[in-house]
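The values are calculated or read from the model by the stated rules, or taken from the named source; none is laboratory data. If you're wondering where the values come from, they're calculated on a predicted model, not measured in any experiment. Cβ: placed from backbone, ideal geometry, glycine included. Neighbour counts: every protein chain shown.
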Amino acid sequence: MSVKIIGSDKLLKGFEELPEKMNKALGDELEKTGEAIRDEAKRLAPVRTGALRESIKKKAWRRNGRTTVKVLADYPETGKYRKTKTRKQAAGSREYYAFAVEYGTKHVEAQPFLMPAARKAEDGLERRVSSNMDIVLDKELRT
């Protein structure tokens, strides 16, 4: 006696593609979260000239089934360059001050904008990822 399950080939193929589809769903959610962090950091960034706010960027890439998302405050387009050489930057390099704004210095109090934005986006991330995984599983098991 033998048993043949109708549609088993389609089900097996769906299971083979499942890791790729799960990675895509996870990557999509990470990119959305990166955008939310970027937008919130721009909202929280202190504004004097607007250069710091404009320097906040989200960069994302996918390689070998993995998604990497970074949110950073890049060198602002101020046209200002360092005239003297410091320990960390060479003379003639573009000014970078997001670190000093985020963490403060001995002269200026900290005005965090990146870490609070990241913490806010972190709330519910696990739930959103789990929900997206459930959607992918439901879709694959129904077909």
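Total residues in the range 32-62 satisfying the condition of being in contact (Cβ under 8 Å) with a residue 24 or more places away in the chain, surrounded by fewer than 17 Cβ atoms within 10 Å (Cβ to Cβ) and assigned to a loop (DSSP other than H, G, I, E, B): the figure is 2. Scanning the range 38-48 for residues that are closer than 15 Å to Asp74 by Cα and either of a type in the set (Val, Ile, Thr) or under 9 Å from the mean Cα position of the chain (by Cα) (or both) returns a single hit, Arg38.
Exactly one residue among Arg82, Arg128 is at pLDDT below 90, surrounded by 12 or more Cβ atoms within 10 Å (Cβ to Cβ) and more than 26 Å from Lys32 (Cβ to Cβ), and that residue is Arg82. Tallying residues that are modelled with pLDDT of 70 or more and either under 17 Å from Ile37 (Cβ atoms) or surrounded by 11 or more Cβ atoms within 10 Å (Cβ to Cβ) (or both) within the range 85-123 yields 25. Mind checking which residues of the range 108-129 are more than 18 Å from Val71 (Cα to Cα) and assigned to a helix (DSSP H, G or I)? Answer for the range 108-129, where residues must be more than 18 Å from Val71 (Cα to Cα) and assigned to a helix (DSSP H, G or I): Glu126, Arg127, Arg128, Val129.
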